[in-house]
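The values are calculated or read from the model by the stated rules, or taken from the named source; none is laboratory data. Quantities reported herein were computed from a predicted structural model and do not represent experimental measurements. Positions of Cβ are backbone-derived with ideal geometry, glycine not excepted, and every protein chain shown enters the neighbour counts. Heads up: the accessible areas ignore ligands, DNA and RNA and are worked out on the full protein's heavy atoms, side chains in. Shrake-Rupley method; radii C 1.70, N 1.55, O 1.52, S 1.80 Å.
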Amino acid sequence: MKFLTGFFLTGIIAITYSFSYAQSSYSITGRVIVTNTLFAEGATISLLQHSDSSAVKSTVCNNQGVFELKGITPGNYIVLINKLGYKKFYSSLIRIVNNNIHLPDVLLLPATNDLKEVTITAKRDYIEVRPDKTILNVDRSILAAGNSVFDILGTAPGVRILDNGIYVKGGQKALIAIDGKPIGQLTDEQLADLLKSYQSSMISQIEIISNPPARYDASGGGVINIILKKSKDYGFKANITESAAAGQDYKLNSGINLDYRMKNLNFFGNYNFNDSKTPRVLDIDRTIGQTALNENYLGVTHLLNNGFNGGIDYNLSPKQTVGVLMYGYHNQVDINKSNTTDILNQGVLDSDITTNSHINRSITSLNYDFNYKGSFGKESNTTLSANFDYSTYRRYSTELLENNFFDPDGIQYRDPFFYIDNSPSQINVRSERIDFTQALSKTGTLGLGLRNDQANSNNKIDFQQRSSADSVYTPVPSLTDHFTYNERINAAYVNYDDKFNNTGISLGLRAEQTTSLAESLNPNKTSSNSYFDLFPNVEITQPLDKDNTFVLAYNRRLTRPQYQDLNPFVAYVDEYSYSTGNTFLKPEYFTTYQVTDVFKQKYKLDLSVEVTNDFFVPIFQQNDATKVFTSTISNIGTRYEYDAEATLPVDITKWWNANVYFYGSYQRYVYYSGNPDKATTDFEIKVTQNFTITNSIRAELFTGWESPTYYGIKQYADEWSTRAGVSKSILDDNGSIKLSISDIFNSQDYRYTSQYQNLNLSGFEKPGSRFVTATFTYRFGKQTVQNNKRSSGNADGQKRLSPSTNDN
């Protein structure tokens, strides 16, 4: 690692010296429309200097309204759009540093003799496709209102949620990032809690990146980047959101977003409070010879969530910014659980075990980020950014359980048992990162970076029991433990981007050194790991003609076990049902080959092949002699996946459009355990339809369906759900009311069977999913910036307007 560090630092110094005066050029692209279905073909696009509005270059829109201004050197610009019969449009300030710019769609208004000030609104689609990613514009979705990021991802194209896990590309865990900063290792439950604390009112966009560049951590099958709202306009801006949902219990949410931007200083923050109560049903039936054990579970979770995000950015100079960001949540959770296990011999009821429990849990997660970003050189060809992050996670959990034992006639045949367990957990994660970019030529850019992550996890469980005849709880040694986990990851990367004629190329290589130590006191287990890996990344982009862009991609990545996956604590349900972690779980590695075609910047087709070694999933283990059933997680073999994905936006009429997402795959599992290989297919369709009823009323309908498929060790039945909503703009377009219903037909459930190893099992899971939600949003303060008048070639002054304002 010292060699790598020295190598990269030497490279940074050499490149800075050699290329500090190199010229680089970038592009500005966008689309201009005159109605929702008509493009502004032939519109003139002019690039003007921001300082004096002098013309730099110009182009015209093609028949799809698309334009591209090429060969732009770093600097400050504005874009002027002009078309006969329509009002001229001036963009707000566009700053080119070392990046290409893609503007939101611009809607031109018909020219009139009314000289009053006009606000231009550029309407964006909810789902946008790019050659390298898919973008969800959260504000544009009616169904997102009143819901959390976790809920929104459940309907996102290419994303699947299963047992609180978030997967992309059909089966790989996603790497979640907030404003480009990856979230540290969390369990599925912890990550779900975090994402549930982020309500839709806090979010600007969600990016789904299938082939992330080398600057991202190598962990995860793809990146889901959550972009928080942050105003780019000077002055004060705020909005409040109130929502209430009723159905399978209730959900209440209140939120506020605040922004105040001055010339060199920007304050931003948001706060959300959520009060919800939701049920969950779980039935598992298993057969062991002539004995059947049928487990029926009902849990009701009452969640009080306080989520927040706040920060300050300060411009040290026009090219240098420092910032502080703090975000996190506090959850108070109460879970009431009722579980009944029926034991049958040769189909005849033998006995029942009932378990009633109550969990009281308090969770606090706090995250601190200190950051710096600067650009250097006359043309800002060199950039340097640094981040220091510190995260804490604290959980305090107490569970009270009661087991009762009944014969077939409902008469207790033995004394009940009472249990209490306390399971505090604390996790600290520290991270330092530095990223450097240098323009090498007009089209070539080199990126280098270093990162260090250190995580410490400390977990205890104190399990005690008593019978009805006893008054004192006594420890249960076999269920009491203390588990610690320490991990360090050192990483370095290099990334090179360039363009040769019309061919774009991106080459990346990331090196990661991981060391870890897991220790469990009871039983006395120690597991240490140290491994070094290289993760290459290649992406080639080639325009085939004016309508088609072809992308070829390759990458190698891994998924590390989550901290709690390694925790060997035994969670007790009853004397026949337990769950535990796996201290010796290994990371899984996967390699992806992908071909993409983007047609007319709207339609997208992906073909990919993915091979996963040491594939791990939750499994069930069963002792036929004792009939004890244990849930754990294990490396089960190698997984091969062949995928096809298509995103197809369709304009049906002027007032009705749809976005159709289709996914199809063939998968094959080769098991380590001697189980026969398993092959399966999987098909998924997600259709989002939008209806513009009037200028102020819109409606949205979502339908999703997935075919029967096999994943890990489970054969799943098909699944489908439907959501609908309507929105109306009010209060002079400063507010909106939205009404939606989720899972209209209450069909969202998971039905599965498993014949893995000695199992003969069937299961049914049904979360509370049908709710009617009403949401009110109101915006106040300065929503757009009215810039100073600029002199152009015309005698009359023009107003420069923000490319987008309030989307409702």
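Points to keep in mind about this one:
- Over region 133-244, equivalent-ellipsoid semi-axes from the Cα gyration tensor in Å: 23, 17, 13
- 14 Å beta-carbon shell around LEU507, net charge (K/R +1, D/E -1): +1
- Simple rule: put +1 on each Lys or Arg Cβ and -1 on each Asp or Glu Cβ in region 256-296, find the dipole, and look at ASN272, ILE284, ASN257; the Cα lying farthest toward the positive end is ASN257.
- Cβ charges +1 (Lys, Arg) and -1 (Asp, Glu), total dipole of region 651-707, debye: 100 debye
- Pair-distance profile P(r), taking every C-alpha pair of region 457-544, with 5 angstrom steps and integer %: 3, 11, 13, 9, 10, 8, 8, 7, 7, 6, 5, 5, 4, 2, 2, 1, 0
- The chain, accessible area per residue, ligands and nucleic acids excluded (1.4 Å, Å²): 42 Å²
- Förster radius 41 Å - calculated FRET efficiency between PHE550 and LYS378, Cβ distance, rounded to 0.05: 0.70
- Entries in LYS525/LYS586; LYS133/LYS604; LYS230/LYS602; LYS133/LYS442 that, when Cα-Cα distance is taken, lie over 18 Å: LYS230/LYS602; LYS133/LYS442
- Pairs from the table (LYS169/LYS251; LYS169/LYS499; LYS173/LYS678) lying more than 23 angstrom apart at Cα are LYS169/LYS251; LYS169/LYS499.
- Given R0 = 25 Å, the distance between the Cβ atoms of ASN422 and TYR672 translates into a calculated FRET efficiency of 0.10.
- Considering only SER727, SER634, SER91, and ranking their Cα positions along the charge dipole of the chain that arises from unit charges at the beta-carbon of Lys, Arg, Asp and Glu, the one farthest toward the positive end is SER91.
- Residue-wise HN-Hα coupling along region 488-499, computed from phi with Karplus coefficients 6.51, -1.76, 1.60 (Hz; x: Gly, Pro): 9, 10, 9, 9, 9, 9, 9, 9, 10, 10, 7, 9
- Spatially, region 156-184 and region 707-773 are offset by 17 Å when compared through their Cα centroids.
- Taking Cα centre as origin and charging only the Cβ of basic (Lys, Arg, +1) and acidic (Asp, Glu, -1) residues, the dipole magnitude of region 258-366 rounds to 800 debye.
- Fully extending the segment from THR392 to ASN760, taken as 0.36 nm per residue of separation minus the present Cα-Cα distance, adds 128.3 nm.
- According to the calculation over all Cα-Cα pairs in region 246-388, the P(r) per 10 Å bin from zero is 10, 22, 19, 16, 14, 10, 7, 3, 0 %.
- Region 298-371 and region 589-604: distance between their alpha carbon centers, rounded to Å: 35 Å
- Estimated inter-spin distance, GLN346 and TYR250, nm [label 7 Å along Cα→Cβ]: 5.3 nm
- Shape descriptor for region 209-292: Rg over Rh equals 1.24 (Cα atoms; Rh from the Kirkwood inverse mean 1/r).
- Candidate aspartates and glutamates - alpha carbon under 14 Å from LYS196, same-chain residues fewer than 8 apart omitted: ASP151, ASP188, ASP275
- When the chain is described by a simple charge dipole with +1 on each Lys and Arg Cβ and -1 on each Asp and Glu Cβ, the residue from VAL348, PHE418, THR753 located farthest towards its positive end is THR753.
- Considering every alpha-carbon pair of region 589-683, the percent of pairs per 10 Å bin, from zero through the bin containing the longest distance, is 13, 30, 25, 17, 10, 4, 1.
- Mean-position separation - Cα centroids, region 197-218 and region 521-573, in angstrom: 16 Å
- The trypsin sites (Lys or Arg not before Pro) of region 293-391 meeting both criteria, a DSSP state outside H, G, I, E and B (loop) and at most 11 other C-beta atoms within 10 angstrom of the site's C-beta, are LYS378.
- Summing charges over neighbours of SER243, with a neighbour being any other residue whose Cβ is under 13 Å away from its Cβ, gives -1 when K and R count +1 and D and E count -1.
- Bridging of LYS627 to aspartates and glutamates at a Cα separation below 15 Å is possible for ASP285, GLU295, ASP342, ASP350, ASP352, ASP574, GLU575, once same-chain residues fewer than 8 apart are set aside.
- Here the dipole of region 583-702 is about 320 debye; that uses its Cα centre as origin and unit charges on the Cβ of Lys and Arg (positive) and Asp and Glu (negative).
- Taking Cβ atoms as reference points and 14 Å as the exclusive limit, the residues near VAL772 contribute a net charge of +2, counting Lys and Arg as +1 and Asp and Glu as -1.
- On region 511-661, 58 percent of the accessible area sits on carbon and sulfur atoms, based on a 1.4 Å probe.
- Under 5 Å between amide hydrogens, built in the peptide plane, is the criterion, and for LYS169 it picks out nothing among residues at least 5 positions away or on other chains.
- Here the accessible area of region 339-479 is 54 percent carbon and sulfur, with a 1.4 angstrom probe and all protein chains present.
- Backbone HN-Hα couplings from phi across region 194-206 [Karplus 6.51/-1.76/1.60, Hz, Gly and Pro as x]: 4, 5, 6, 7, 9, 7, 4, 5, 8, 10, 8, 9, 10
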